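Below is one structure; the comments refer to it alone.
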Amino acid sequence: MFNNILKIAFRNIWRNKVFSLINIVGLSIGLSASFVIGIIIYYDVTFDKFHPDGERMHRITTTLSSNDDSFSTRGVAIPLGLKVKEGMAGIEKATTFYSTNFRKITSESENYIYKNTTDIIYTDASYFNFFNYRWLTGKPRSVLDNPNEVVLTSTRAAKYFPKLSLDQIVGKTLIYNDSINVKVVGVVSAFKERTDLNFQEFLSYKTAISAGAENQVLNRNWNSTNSASQLFIIVQNNGMLPQIQQALDQLAKEHADKEMVSMGYGRQFDIQSLSDLHFNQDVGTFNFLERTADKTVLLGLSLTAFFLLLLGCINFINLNTAQASKRAKEIGIRKTLGSSRKLIIFQFIGETTILTMAAGLISLLLCPLWIKMFSDFIPKGISLDLMANMWIIGFVLLLLAVVALFSGIYPAMILSKFRPIQVLKGQIFQVESKSVVRKYLTIFQFTIAQIFILATLIVGQQLNFMLNKEMGFKTNAIAYIRA
(Lines give C-alpha, C1' and ligand atoms only; values in the text may rest on other atoms or scores of the structure.)
Protein backbone atom coordinates (compact mmCIF):
# COMPACT_ATOMS: atom_id res chain seq x y z
CA MET A 1 0.00 0.00 0.00
CA PHE A 2 2.81 2.40 0.92
CA ASN A 3 4.57 1.88 -2.42
CA ASN A 4 1.30 2.46 -4.25
CA ILE A 5 0.71 5.74 -2.38
CA LEU A 6 4.22 6.96 -3.27
CA LYS A 7 3.85 5.94 -6.91
CA ILE A 8 0.53 7.78 -7.32
CA ALA A 9 1.84 10.79 -5.38
CA PHE A 10 4.88 11.20 -7.63
CA ARG A 11 2.68 10.71 -10.69
CA ASN A 12 0.26 13.47 -9.60
CA ILE A 13 3.08 15.84 -8.68
CA TRP A 14 4.77 15.29 -12.04
CA ARG A 15 1.47 15.74 -13.91
CA ASN A 16 0.86 19.12 -12.20
CA LYS A 17 4.39 20.55 -12.47
CA VAL A 18 3.48 24.25 -12.26
CA PHE A 19 1.11 23.74 -9.36
CA SER A 20 3.71 21.62 -7.50
CA LEU A 21 6.46 24.17 -8.18
CA ILE A 22 4.36 27.01 -6.75
CA ASN A 23 3.69 24.97 -3.61
CA ILE A 24 7.35 24.00 -3.18
CA VAL A 25 8.67 27.55 -3.72
CA GLY A 26 6.12 29.07 -1.36
CA LEU A 27 6.89 26.57 1.39
CA SER A 28 10.67 26.70 0.88
CA ILE A 29 10.80 30.48 1.33
CA GLY A 30 8.82 30.29 4.56
CA LEU A 31 10.81 27.29 5.82
CA SER A 32 14.23 28.78 5.02
CA ALA A 33 13.40 32.05 6.78
CA SER A 34 12.08 30.08 9.76
CA PHE A 35 15.20 27.91 9.86
CA VAL A 36 17.48 30.96 9.96
CA ILE A 37 15.36 32.59 12.66
CA GLY A 38 15.36 29.32 14.58
CA ILE A 39 19.16 29.17 14.41
CA ILE A 40 19.39 32.74 15.74
CA ILE A 41 17.10 31.94 18.66
CA TYR A 42 18.88 28.67 19.44
CA TYR A 43 22.24 30.44 19.30
CA ASP A 44 21.24 33.02 21.90
CA VAL A 45 19.29 30.82 24.31
CA THR A 46 22.11 28.26 24.60
CA PHE A 47 24.77 30.61 25.98
CA ASP A 48 26.47 29.28 29.14
CA LYS A 49 24.23 26.23 29.39
CA PHE A 50 27.14 23.83 29.79
CA HIS A 51 28.31 24.75 33.31
CA PRO A 52 27.70 21.87 35.76
CA ASP A 53 26.24 24.20 38.40
CA GLY A 54 24.84 26.75 35.94
CA GLU A 55 21.37 26.85 37.48
CA ARG A 56 22.88 27.81 40.84
CA MET A 57 25.37 30.34 39.44
CA HIS A 58 24.63 34.02 39.92
CA ARG A 59 26.38 37.36 39.54
CA ILE A 60 26.12 40.18 42.03
CA THR A 61 25.44 43.58 40.47
CA THR A 62 24.89 47.06 41.89
CA THR A 63 22.00 49.51 41.58
CA LEU A 64 22.87 53.13 42.36
CA SER A 65 20.00 55.53 43.00
CA SER A 66 19.34 59.18 43.71
CA ASN A 67 16.24 61.24 44.38
CA ASP A 68 15.62 61.58 40.66
CA ASP A 69 16.87 58.43 39.00
CA SER A 70 18.60 55.06 39.35
CA PHE A 71 20.83 52.91 37.18
CA SER A 72 22.43 49.50 37.35
CA THR A 73 26.02 48.48 36.84
CA ARG A 74 27.55 45.03 36.50
CA GLY A 75 30.35 45.86 38.94
CA VAL A 76 30.51 45.75 42.73
CA ALA A 77 32.70 47.26 45.41
CA ILE A 78 35.81 45.10 45.71
CA PRO A 79 35.48 44.66 49.52
CA LEU A 80 32.08 43.02 48.94
CA GLY A 81 33.77 40.27 46.92
CA LEU A 82 36.34 39.73 49.68
CA LYS A 83 33.59 39.57 52.30
CA VAL A 84 31.53 37.04 50.35
CA LYS A 85 34.56 34.85 49.64
CA GLU A 86 35.24 34.66 53.37
CA GLY A 87 31.91 32.89 53.77
CA MET A 88 28.20 33.74 53.80
CA ALA A 89 25.20 31.62 54.69
CA GLY A 90 23.63 30.00 51.63
CA ILE A 91 26.67 30.51 49.35
CA GLU A 92 28.63 27.40 48.39
CA LYS A 93 31.36 29.04 46.28
CA ALA A 94 32.38 32.54 45.26
CA THR A 95 34.94 34.07 42.96
CA THR A 96 35.94 37.54 41.86
CA PHE A 97 37.80 38.97 38.89
CA TYR A 98 38.65 42.32 37.37
CA SER A 99 38.51 42.71 33.58
CA THR A 100 41.22 44.74 31.87
CA ASN A 101 43.24 45.16 28.67
CA PHE A 102 46.78 46.10 27.70
CA ARG A 103 48.08 48.35 24.95
CA LYS A 104 51.08 46.14 24.22
CA ILE A 105 52.15 42.58 25.02
CA THR A 106 55.49 41.16 23.91
CA SER A 107 56.37 37.48 23.67
CA GLU A 108 59.97 37.54 24.84
CA SER A 109 61.15 34.21 23.42
CA GLU A 110 59.35 34.65 20.08
CA ASN A 111 59.96 38.41 19.82
CA TYR A 112 56.35 39.00 18.73
CA ILE A 113 54.44 42.15 19.64
CA TYR A 114 50.64 42.27 20.11
CA LYS A 115 48.75 45.54 20.53
CA ASN A 116 45.45 46.40 22.21
CA THR A 117 44.89 42.92 23.58
CA THR A 118 41.55 42.29 25.29
CA ASP A 119 39.78 39.43 27.13
CA ILE A 120 42.18 39.67 30.08
CA ILE A 121 41.24 39.49 33.76
CA TYR A 122 42.92 39.71 37.15
CA THR A 123 41.82 36.85 39.39
CA ASP A 124 43.05 34.05 41.66
CA ALA A 125 42.82 30.26 41.98
CA SER A 126 39.19 30.47 43.14
CA TYR A 127 38.21 31.35 39.56
CA PHE A 128 39.31 27.93 38.29
CA ASN A 129 37.65 26.24 41.23
CA PHE A 130 34.43 28.03 40.30
CA PHE A 131 34.39 27.60 36.51
CA ASN A 132 35.21 24.18 35.09
CA TYR A 133 38.21 24.66 32.77
CA ARG A 134 40.18 21.70 31.47
CA TRP A 135 43.84 22.03 32.42
CA LEU A 136 46.31 21.15 29.68
CA THR A 137 49.44 21.90 31.67
CA GLY A 138 50.25 23.51 35.03
CA LYS A 139 49.06 22.99 38.62
CA PRO A 140 45.58 24.48 39.19
CA ARG A 141 45.77 24.47 43.00
CA SER A 142 48.78 26.75 43.31
CA VAL A 143 48.39 29.08 40.32
CA LEU A 144 47.99 32.86 40.58
CA ASP A 145 49.09 33.01 44.22
CA ASN A 146 52.19 35.06 43.43
CA PRO A 147 52.87 38.34 41.64
CA ASN A 148 53.53 38.36 37.90
CA GLU A 149 51.86 35.05 37.05
CA VAL A 150 49.50 34.36 34.16
CA VAL A 151 47.44 31.43 32.93
CA LEU A 152 46.66 31.33 29.19
CA THR A 153 44.03 29.54 27.19
CA SER A 154 45.31 27.19 24.50
CA THR A 155 44.14 29.67 21.87
CA ARG A 156 46.10 32.57 23.34
CA ALA A 157 49.11 30.37 24.07
CA ALA A 158 49.25 29.29 20.42
CA LYS A 159 49.08 32.94 19.41
CA TYR A 160 51.94 34.06 21.68
CA PHE A 161 54.12 30.95 21.26
CA PRO A 162 53.25 29.36 17.89
CA LYS A 163 56.43 27.29 17.70
CA LEU A 164 56.37 25.79 21.19
CA SER A 165 54.50 22.85 22.70
CA LEU A 166 52.26 23.38 25.72
CA ASP A 167 54.85 22.00 28.15
CA GLN A 168 57.49 24.33 26.71
CA ILE A 169 55.23 27.36 27.12
CA VAL A 170 55.03 27.02 30.91
CA GLY A 171 57.83 29.09 32.40
CA LYS A 172 58.09 31.46 29.43
CA THR A 173 57.82 35.21 29.94
CA LEU A 174 55.38 37.75 28.53
CA ILE A 175 56.10 41.47 28.82
CA TYR A 176 53.08 43.70 29.38
CA ASN A 177 53.32 47.39 28.41
CA ASP A 178 57.13 47.12 28.04
CA SER A 179 57.73 46.91 31.78
CA ILE A 180 55.84 44.05 33.45
CA ASN A 181 57.51 40.65 33.13
CA VAL A 182 54.94 37.90 33.73
CA LYS A 183 55.62 34.16 33.84
CA VAL A 184 53.25 31.65 32.25
CA VAL A 185 52.27 29.13 34.95
CA GLY A 186 49.57 27.16 33.17
CA VAL A 187 47.50 26.59 30.04
CA VAL A 188 43.80 25.72 29.99
CA SER A 189 41.47 24.76 27.19
CA ALA A 190 39.14 27.59 26.19
CA PHE A 191 35.42 26.89 26.45
CA LYS A 192 34.21 25.18 23.28
CA GLU A 193 30.54 25.96 23.85
CA ARG A 194 28.89 29.35 23.47
CA THR A 195 29.68 31.58 26.44
CA ASP A 196 30.03 35.18 27.48
CA LEU A 197 33.05 34.17 29.59
CA ASN A 198 35.45 34.59 26.69
CA PHE A 199 38.52 35.41 28.77
CA GLN A 200 41.84 34.29 27.34
CA GLU A 201 44.42 35.50 29.89
CA PHE A 202 44.24 35.23 33.68
CA LEU A 203 46.68 37.39 35.65
CA SER A 204 47.20 37.06 39.39
CA TYR A 205 45.75 39.86 41.51
CA LYS A 206 49.20 40.73 42.86
CA THR A 207 50.34 41.50 39.32
CA ALA A 208 48.17 44.63 39.49
CA ILE A 209 50.72 46.15 41.88
CA SER A 210 53.58 46.01 39.37
CA ALA A 211 51.15 47.08 36.62
CA GLY A 212 50.31 50.29 38.50
CA ALA A 213 46.66 49.29 38.82
CA GLU A 214 46.62 48.62 42.57
CA ASN A 215 44.25 51.50 43.30
CA GLN A 216 41.68 50.05 40.90
CA VAL A 217 42.05 46.28 41.20
CA LEU A 218 42.78 46.11 44.95
CA ASN A 219 40.72 49.08 46.09
CA ARG A 220 39.41 48.56 49.63
CA ASN A 221 36.89 51.40 49.55
CA TRP A 222 33.32 50.10 50.07
CA ASN A 223 31.87 53.10 48.24
CA SER A 224 33.95 52.77 45.09
CA THR A 225 32.18 50.78 42.38
CA ASN A 226 33.88 49.86 39.12
CA SER A 227 32.04 47.97 36.36
CA ALA A 228 35.21 45.90 35.74
CA SER A 229 35.00 44.35 39.22
CA GLN A 230 32.92 41.17 39.07
CA LEU A 231 31.55 38.88 41.78
CA PHE A 232 30.06 35.45 41.03
CA ILE A 233 28.50 33.02 43.51
CA ILE A 234 27.15 29.47 43.53
CA VAL A 235 24.28 29.15 45.99
CA GLN A 236 23.53 25.96 47.90
CA ASN A 237 20.04 26.02 46.43
CA ASN A 238 18.00 28.73 44.73
CA GLY A 239 15.47 28.66 47.55
CA MET A 240 18.02 30.51 49.70
CA LEU A 241 18.22 33.50 47.34
CA PRO A 242 15.88 35.67 49.48
CA GLN A 243 18.06 35.00 52.53
CA ILE A 244 21.22 35.88 50.60
CA GLN A 245 19.56 39.05 49.29
CA GLN A 246 18.77 40.10 52.85
CA ALA A 247 22.43 39.59 53.80
CA LEU A 248 23.53 41.72 50.83
CA ASP A 249 21.03 44.44 51.77
CA GLN A 250 22.44 44.44 55.30
CA LEU A 251 26.01 44.81 54.00
CA ALA A 252 24.95 47.68 51.73
CA LYS A 253 23.33 49.38 54.70
CA GLU A 254 26.30 48.83 57.03
CA HIS A 255 28.84 50.22 54.59
CA ALA A 256 26.82 53.06 53.14
CA ASP A 257 28.39 56.51 53.03
CA LYS A 258 26.36 58.58 55.52
CA GLU A 259 27.02 61.84 53.69
CA MET A 260 25.82 60.40 50.39
CA VAL A 261 22.75 58.92 52.07
CA SER A 262 21.88 62.32 53.53
CA MET A 263 22.01 63.75 50.01
CA GLY A 264 19.52 61.16 48.76
CA TYR A 265 21.93 58.70 47.17
CA GLY A 266 21.52 54.98 47.76
CA ARG A 267 23.03 51.66 46.76
CA GLN A 268 21.72 48.12 46.51
CA PHE A 269 23.39 44.83 45.65
CA ASP A 270 21.33 42.62 43.33
CA ILE A 271 21.48 38.93 42.39
CA GLN A 272 21.50 38.18 38.67
CA SER A 273 21.17 34.59 37.44
CA LEU A 274 23.71 33.27 34.96
CA SER A 275 20.90 32.58 32.48
CA ASP A 276 20.07 36.30 32.49
CA LEU A 277 23.65 37.34 31.72
CA HIS A 278 23.30 37.15 27.94
CA PHE A 279 19.97 38.97 27.85
CA ASN A 280 20.22 41.78 30.39
CA GLN A 281 20.38 45.08 28.52
CA ASP A 282 20.79 47.17 31.68
CA VAL A 283 24.06 45.76 33.03
CA GLY A 284 25.48 43.91 30.02
CA THR A 285 28.19 41.28 30.20
CA PHE A 286 31.80 42.31 30.91
CA ASN A 287 32.59 45.19 28.59
CA PHE A 288 30.74 47.68 26.44
CA LEU A 289 31.81 46.03 23.18
CA GLU A 290 30.14 42.68 23.83
CA ARG A 291 26.69 42.07 22.40
CA THR A 292 23.72 41.21 24.59
CA ALA A 293 20.61 39.62 23.18
CA ASP A 294 17.10 41.00 23.65
CA LYS A 295 14.30 38.63 24.66
CA THR A 296 11.71 40.96 23.13
CA VAL A 297 13.48 40.81 19.77
CA LEU A 298 13.72 37.02 19.99
CA LEU A 299 10.01 36.83 20.76
CA GLY A 300 9.29 39.03 17.76
CA LEU A 301 11.46 36.82 15.56
CA SER A 302 9.66 33.72 16.86
CA LEU A 303 6.27 35.20 15.94
CA THR A 304 7.62 36.21 12.53
CA ALA A 305 8.83 32.66 11.86
CA PHE A 306 5.50 31.25 13.03
CA PHE A 307 3.46 33.49 10.75
CA LEU A 308 5.76 32.85 7.77
CA LEU A 309 5.23 29.13 8.22
CA LEU A 310 1.51 29.64 8.75
CA LEU A 311 1.24 31.68 5.55
CA GLY A 312 3.05 28.96 3.63
CA CYS A 313 0.71 26.30 5.01
CA ILE A 314 -2.42 28.35 4.32
CA ASN A 315 -1.23 29.05 0.78
CA PHE A 316 -0.75 25.32 0.31
CA ILE A 317 -4.22 24.55 1.68
CA ASN A 318 -5.90 27.14 -0.54
CA LEU A 319 -4.10 25.96 -3.66
CA ASN A 320 -5.01 22.34 -2.98
CA THR A 321 -8.68 23.05 -2.32
CA ALA A 322 -8.75 25.28 -5.41
CA GLN A 323 -7.65 22.24 -7.43
CA ALA A 324 -10.60 20.21 -6.11
CA SER A 325 -12.48 20.13 -9.41
CA LYS A 326 -9.44 18.67 -11.21
CA ARG A 327 -9.10 15.86 -8.68
CA ALA A 328 -12.84 15.15 -8.33
CA LYS A 329 -13.01 12.66 -11.20
CA GLU A 330 -9.96 10.80 -9.85
CA ILE A 331 -11.53 10.55 -6.38
CA GLY A 332 -14.88 9.46 -7.81
CA ILE A 333 -13.35 6.69 -9.88
CA ARG A 334 -11.15 5.47 -7.00
CA LYS A 335 -14.15 5.32 -4.66
CA THR A 336 -16.21 3.54 -7.30
CA LEU A 337 -13.45 0.94 -7.57
CA GLY A 338 -13.59 0.37 -3.82
CA SER A 339 -11.02 2.80 -2.37
CA SER A 340 -11.80 3.91 1.20
CA ARG A 341 -11.84 7.46 2.48
CA LYS A 342 -8.97 6.58 4.83
CA LEU A 343 -6.77 5.49 1.93
CA ILE A 344 -7.54 8.66 -0.03
CA ILE A 345 -6.61 10.78 3.02
CA PHE A 346 -3.29 8.93 3.25
CA GLN A 347 -2.80 9.54 -0.46
CA PHE A 348 -3.16 13.32 -0.17
CA ILE A 349 -1.07 13.53 2.99
CA GLY A 350 1.61 11.48 1.20
CA GLU A 351 1.67 13.99 -1.65
CA THR A 352 1.88 16.84 0.83
CA THR A 353 4.76 15.14 2.65
CA ILE A 354 6.75 14.75 -0.57
CA LEU A 355 6.19 18.42 -1.46
CA THR A 356 7.14 19.48 2.08
CA MET A 357 10.35 17.43 2.05
CA ALA A 358 11.29 18.90 -1.33
CA ALA A 359 10.64 22.39 0.06
CA GLY A 360 12.72 21.51 3.14
CA LEU A 361 15.71 20.50 1.00
CA ILE A 362 15.48 23.70 -1.04
CA SER A 363 15.15 25.77 2.13
CA LEU A 364 18.40 24.28 3.46
CA LEU A 365 20.10 25.45 0.26
CA LEU A 366 18.61 28.94 0.72
CA CYS A 367 19.70 29.29 4.36
CA PRO A 368 23.38 30.14 3.59
CA LEU A 369 22.15 32.83 1.20
CA TRP A 370 19.95 34.47 3.86
CA ILE A 371 22.74 34.27 6.46
CA LYS A 372 25.17 35.95 4.06
CA MET A 373 22.67 38.62 3.00
CA PHE A 374 21.77 39.56 6.58
CA SER A 375 25.22 39.02 8.14
CA ASP A 376 25.29 42.64 9.37
CA PHE A 377 22.09 42.12 11.38
CA ILE A 378 22.65 38.72 12.99
CA PRO A 379 25.19 37.57 15.62
CA LYS A 380 28.66 36.90 14.21
CA GLY A 381 28.87 33.38 15.58
CA ILE A 382 25.90 32.10 13.61
CA SER A 383 26.58 29.59 10.85
CA LEU A 384 25.00 26.49 9.36
CA ASP A 385 27.32 24.41 11.56
CA LEU A 386 24.66 24.81 14.24
CA MET A 387 22.36 22.67 12.08
CA ALA A 388 24.60 19.67 12.85
CA ASN A 389 23.31 19.65 16.42
CA MET A 390 21.10 16.60 17.05
CA TRP A 391 18.46 18.72 18.78
CA ILE A 392 18.28 21.03 15.75
CA ILE A 393 18.07 18.10 13.34
CA GLY A 394 15.28 16.54 15.40
CA PHE A 395 13.42 19.85 15.57
CA VAL A 396 13.70 20.37 11.78
CA LEU A 397 12.34 16.88 11.07
CA LEU A 398 9.51 17.41 13.56
CA LEU A 399 8.74 20.80 12.04
CA LEU A 400 8.59 19.34 8.52
CA ALA A 401 6.28 16.58 9.76
CA VAL A 402 3.97 19.10 11.46
CA VAL A 403 3.94 21.36 8.38
CA ALA A 404 3.17 18.39 6.11
CA LEU A 405 0.36 17.19 8.37
CA PHE A 406 -1.10 20.65 8.95
CA SER A 407 -0.93 21.56 5.24
CA GLY A 408 -2.33 18.27 4.03
CA ILE A 409 -4.96 17.26 6.54
CA TYR A 410 -7.65 19.84 5.65
CA PRO A 411 -7.45 19.41 1.83
CA ALA A 412 -7.38 15.65 2.36
CA MET A 413 -10.49 15.74 4.54
CA ILE A 414 -12.35 17.98 2.08
CA LEU A 415 -11.40 16.11 -1.09
CA SER A 416 -11.99 12.70 0.43
CA LYS A 417 -15.61 13.69 1.21
CA PHE A 418 -16.59 13.77 -2.46
CA ARG A 419 -19.15 11.12 -3.29
CA PRO A 420 -19.08 9.33 -6.63
CA ILE A 421 -22.70 10.17 -7.34
CA GLN A 422 -22.08 13.91 -6.81
CA VAL A 423 -19.07 13.84 -9.09
CA LEU A 424 -21.02 12.09 -11.85
CA LYS A 425 -23.86 14.63 -11.52
CA GLY A 426 -21.47 17.61 -11.61
CA GLN A 427 -22.37 18.76 -8.09
CA ILE A 428 -18.79 19.16 -6.94
CA PHE A 429 -18.90 22.94 -7.30
CA GLN A 430 -21.80 23.15 -4.86
CA VAL A 431 -19.68 21.42 -2.27
CA GLU A 432 -16.81 23.82 -2.91
CA SER A 433 -19.03 26.90 -2.54
CA LYS A 434 -19.86 25.90 1.04
CA SER A 435 -16.19 25.94 2.14
CA VAL A 436 -16.37 28.66 4.81
CA VAL A 437 -13.00 27.65 6.27
CA ARG A 438 -11.25 28.31 2.98
CA LYS A 439 -12.74 31.82 2.84
CA TYR A 440 -11.48 32.61 6.35
CA LEU A 441 -8.04 31.21 5.52
CA THR A 442 -7.85 33.44 2.44
CA ILE A 443 -8.83 36.53 4.46
CA PHE A 444 -6.30 35.66 7.16
CA GLN A 445 -3.57 35.06 4.58
CA PHE A 446 -4.04 38.43 2.92
CA THR A 447 -4.31 40.24 6.26
CA ILE A 448 -1.01 38.86 7.56
CA ALA A 449 0.68 39.49 4.21
CA GLN A 450 -0.41 43.13 4.26
CA ILE A 451 0.81 43.53 7.86
CA PHE A 452 4.22 42.18 6.81
CA ILE A 453 4.34 44.56 3.84
CA LEU A 454 3.45 47.59 5.98
CA ALA A 455 5.97 46.57 8.66
CA THR A 456 8.68 46.21 6.01
CA LEU A 457 7.94 49.68 4.63
CA ILE A 458 8.00 51.24 8.11
CA VAL A 459 11.25 49.52 9.10
CA GLY A 460 12.80 50.55 5.77
CA GLN A 461 11.86 54.16 6.40
CA GLN A 462 13.29 54.02 9.92
CA LEU A 463 16.59 52.57 8.68
CA ASN A 464 16.78 55.21 5.95
CA PHE A 465 16.13 57.91 8.56
CA MET A 466 18.89 56.63 10.87
CA LEU A 467 21.40 56.29 8.04
CA ASN A 468 20.75 59.63 6.35
CA LYS A 469 19.51 61.97 9.09
CA GLU A 470 21.70 65.04 9.50
CA MET A 471 23.39 64.73 12.92
CA GLY A 472 24.19 68.42 13.30
CA PHE A 473 27.96 67.85 13.20
CA LYS A 474 30.52 66.40 10.81
CA THR A 475 30.67 62.73 11.76
CA ASN A 476 33.59 62.00 9.42
CA ALA A 477 35.66 64.68 11.17
CA ILE A 478 35.40 63.07 14.62
CA ALA A 479 37.59 60.18 15.72
CA TYR A 480 37.45 57.93 18.78
CA ILE A 481 40.85 57.32 20.43
CA ARG A 482 41.05 54.34 22.74
CA ALA A 483 43.34 54.95 25.69
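The values are calculated or read from the model by the stated rules, or taken from the named source; none is laboratory data. Every value quoted in this text rests on a predicted model; they were computed, and no experiment measured them. Virtual Cβ from ideal backbone geometry, glycine too; neighbours counted across all protein chains shown. Heavy atoms of the whole protein, side chains included, go into the accessibility calculation; ligands, DNA and RNA do not. Shrake-Rupley method; radii C 1.70, N 1.55, O 1.52, S 1.80 Å.
The table below lists the values:
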quantity	calculated
Residue check for VAL84: closer than 20 Å to LEU241 by Cβ and not small (Gly, Ala, Ser)	yes
Output for segment 10-32, where each listed residue is assigned to a helix (DSSP H, G or I) and either polar (S, T, N, Q) or buried (at least 20 other Cβ atoms within 10 Å of the Cβ) (or both)	ASN12, SER20, ASN23, ILE24, LEU27, SER28, GLY30, LEU31, SER32
Any hit, segment 125-132, residues being small (Gly, Ala, Ser) and in contact with a Lys or Arg (Cβ under 8 Å, 6 or more places away or on another chain)	yes
Qualifying residue in segment 64-81 (condition: part of a strand (DSSP E or B) and either open to solvent by less than 10 Å² (accessible area, probe 1.4 Å) or in contact with a Cys (Cβ under 9 Å, 6 or more places away or on another chain) (or both))	yes
Hits in segment 144-157 (condition: farther than 11 Å from THR207 by Cβ and buried (at least 22 other Cβ atoms within 10 Å of the Cβ))	VAL151, LEU152, ARG156, ALA157
Filter pass, GLY212 being within 25 Å of ILE105 (Cα to Cα) and open to solvent by 10 Å² or more (accessible area, probe 1.4 Å)	yes
Which listed residue, of ASN111, ASN116, ASN129, is surrounded by fewer than 16 Cβ atoms within 10 Å (Cβ to Cβ), modelled with pLDDT under 90 and under 34 Å from the mean Cα position of the chain (by Cα)	ASN116
Unique residue being in a helix (DSSP H, G or I), modelled with pLDDT of 85 or more and among the β-branched types (Val, Ile, Thr) when the list is THR304, THR321, THR285	THR304
Hits in segment 238-252 - residues which are open to solvent by less than 60 Å² (accessible area, probe 1.4 Å) and over 13 Å from HIS58 (Cα atoms)	ALA247, LEU248, LEU251, ALA252
Hey, VAL182 assigned to a strand (DSSP E or B), more than 30 Å from PHE279 (Cα to Cα) and in contact (Cβ under 8 Å) with a residue 24 or more places away in the chain or not	yes
Pair list, Cβ < 7 Å and 6+ apart or interchain, from segment 148-172 residues that are over 17 Å from ASN111 (Cα atoms) to residues that are open to solvent by 50 Å² or more (accessible area, probe 1.4 Å)	ASN148/ASN181; ASN148/LYS183; ASN148/SER210; GLU149/LYS183; SER154/LEU136; LEU166/LEU136
Flag if THR46 is surrounded by 15 or more Cβ atoms within 10 Å (Cβ to Cβ) and closer than 18 Å to ASP270 by Cα	no
Of all residues making up segment 253-281, the number that are surrounded by 14 or more Cβ atoms within 10 Å (Cβ to Cβ), in contact (Cβ under 8 Å) with a residue 40 or more places away in the chain and not polar (S, T, N, Q)	11
The lone exception for GLU92 - which of (1) assigned to a strand (DSSP E or B); (2) in contact with a Pro (Cβ under 9 Å, 6 or more places away or on another chain); (3) more than 24 Å from LEU218 (Cβ to Cβ) it fails	(2)
Counted residues, segment 194-205 - those being out of contact with any strand residue (DSSP E or B) (no Cβ under 7 Å at 6 or more places or on another chain) and either of a type outside the set (D, E, K, R) or in a strand (DSSP E or B) (or both)	2
ILE113 being touching a strand residue (DSSP E or B) at 6+ places or on another chain (Cβ under 8 Å) and free of Cβ contacts under 8 Å to residues at least 40 places away in the same chain	yes
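Condition check ((1) touching a Pro at 6+ places or on another chain (Cβ under 8 Å); (2) open to solvent by 20 Å² or more (accessible area, probe 1.4 Å); (3) more than 28 Å from LEU405 (Cα to Cα)) across all residues:
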| site | (1), (2), (3) |
| --- | --- |
| THR352 | yes, no, no |
| ALA359 | no, no, no |
| LYS372 | no, yes, yes |
| PHE377 | no, yes, yes |
| ILE382 | no, no, yes |
